Amino acid sequence: MAQLGARFHGMEEVESSNLSRSTKPFGFKHLGIDTVRSNKEFDLIPSRFQEFVEEKKYLANVSDNTLENYKYAYKAWHHLVPEDPKDITEAVLKQAVIAMQKTGISAISVNTYIRVLNTYLKWLGTGLKVPRLIEPKFTPKTFTPEQVQKLLELRPRCSADHRVALAITIIADTGLRAEEMLGLESHDIDLDECLIRVRLGKGRKGRMVPISIPLRRRLYLYMKGKAGPLFPTRTHCIWSYRNSLRHLKLFCKRLGISGPKVSWHTIRHSFATNYIRQGGDVMMLQRILGHTSLQMTQRYVHLQTEDLRAVHDRRTMLR
């Protein structure tokens with residue numbers, strides 16, 4: 001028995017020795033980063049970038065969405081940009097942008113990643129800045145006026161339909177972002193002044209948005225005797241974006257509306273376009289939409305082809 005035990009113990013030592021020689025940690029060796037990855041996705045983040053994220057969270061008080069954008073962008077260029085600031089050069093950054101473009105990522109997406117990268121480079125104190133790419137100009141797709149009227153005139157069949165119908169009406173009348181609409185609570189609605197207080201705006205920037213008399217009427221009937229979240233679920237939680245979009249698509253399918261892209265943002269585009277078509281002021285629209293610069297609003301809002309043709313027909317000197 002003693003000999004058998006000794007033999008077994010010797011086998012354990014050999015097996016352990018072989019295992020230690022054959023097992024290699026997986027992580028950032030190809031990046032020159034001496035970090036072993038765990039099963040958690042964002043344990044991948046090196047300490048320097050993690051420190052950057054934590055400072056933005058606790059010192060700059062940026063929103064959770066912004067933090068997620070930081071991490072998402074980091075995954076796009078973390079293997080292209082060295083962790084040590086001393087190794088980051090203009091040539092390295094140029095190659096990083098070229099590598100991202102070679103993967104087929106759109107210029108708009110690359111610019112999104114570049115914005116985060118520039119914020120990180122500034123935090124590191126490198127004095128470097130990556131120039132953004134020229135984005136192709138395109139006309140955002142919107143619902144036609146007839147499609148919007150179909151959406152607004154459909155009579156709800158059940159409580160779930162009432163919720164979707166009101167959400168459509170709010171965005172069509174105010175141009176709120178989906179996240180802003182979903183985060184509304186009863187006390188955010190001022191029926192006397194015809195205003196909605198947006199607390200959960202992009203970048204945690206609040207604003208007051210006007211509402212029309214017809215929307216006030218609908219809100220009054222919907223909110224009567226209710227308090228708390230404007231769009232609660234059966235479990236009294238906030239209506240999620242995914243579920244709300246699924247209900248919107250079912251709503252549009254019932255009406256035979258398949259294009260353009262069915263989304264809350266398409267309704268927001270439709271609101272902005274209609275606002276300009278009806279003679280609305282771009283600077284006022286900027287405040288309503290919650291854009292930080294007028295340039296964003298001018299790019300967001302556009303004149304449709306038929307509008308341009310109509311203006312040209314009125315202005316031409318040919319008769």
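The values are calculated or read from the model by the stated rules, or taken from the named source; none is laboratory data. Values in this document were obtained by computation on a predicted structure and should not be read as measured data. Positions of Cβ are backbone-derived with ideal geometry, glycine not excepted, and every protein chain shown enters the neighbour counts.
Wholly within the range 270-319, which helices (runs of 4 or more DSSP H) include no fewer than the required count, namely at least 1 residues that are at pLDDT 90 or above and of a type in the set (D, E, K, R)?
Details: elements: 282-289, 294-300, 305-315.
Those helices (runs of 4 or more DSSP H) span 282-289.
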Margin query: Step by step: first the residues of the range 51-88, then only those that are surrounded by fewer than 15 Cβ atoms within 10 Å (Cβ to Cβ) and farther than 17 Å from Lys122 by Cα, then the one that is farthest from the chain's Cα centre (by Cα). Which residue is that?
Written below: His79
Notebook entry, point to check: Do we find a residue being exposed (fewer than 13 other Cβ atoms within 10 Å of the Cβ), of a type in the set (Ser, Thr, Tyr) and closer than 27 Å to Glu68 by Cα anywhere in the range 274-295?
Noted result: yes
Notebook entry, point to check: From the residues in the range 200-226 that are surrounded by fewer than 14 Cβ atoms within 10 Å (Cβ to Cβ), free of Cβ contacts under 8 Å to residues at least 60 places away in the same chain and within 28 Å of the chain's Cα centre (by Cα), which one is nearest to Arg163 (Cα to Cα)?
Noted result: Ser212
Check: Out of the residues in the range 31-50 that are at pLDDT below 90 and polar (S, T, N, Q), which is surrounded by the most Cβ atoms within 10 Å (Cβ to Cβ)?
Finding: Thr35
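For the range 144-174, name all the residues that are assigned to a loop (DSSP other than H, G, I, E, B) and either within 21 Å of the chain's Cα centre (by Cα) or hydroxyl-bearing (Ser, Thr, Tyr) (or both).
Residues of the range 144-174 that are assigned to a loop (DSSP other than H, G, I, E, B), as a first pass: 144, 154-158.
Thr144 - this is the single residue of the range 144-174 that is assigned to a loop (DSSP other than H, G, I, E, B) and either within 21 Å of the chain's Cα centre (by Cα) or hydroxyl-bearing (Ser, Thr, Tyr) (or both).
Return the total of residues in the range 227-242 being assigned to a helix (DSSP H, G or I) and either more than 20 Å from the chain's Cα centre (by Cα) or surrounded by 13 or more Cβ atoms within 10 Å (Cβ to Cβ) (or both). Working first, answer last.
Let us first name the residues in the range 227-242 that are assigned to a helix (DSSP H, G or I), namely 241-242.
Those left that are additionally either more than 20 Å from the chain's Cα centre (by Cα) or surrounded by 13 or more Cβ atoms within 10 Å (Cβ to Cβ) (or both): 241.
Residues meeting the conditions: 1.
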Next item on the list: Name every residue in the range 90-130 that is surrounded by fewer than 17 Cβ atoms within 10 Å (Cβ to Cβ), in contact (Cβ under 8 Å) with a residue 12 or more places away in the chain and in a loop (DSSP other than H, G, I, E, B), in order of residue number.
Entry: Ile105, Gly125, Thr126, Leu128
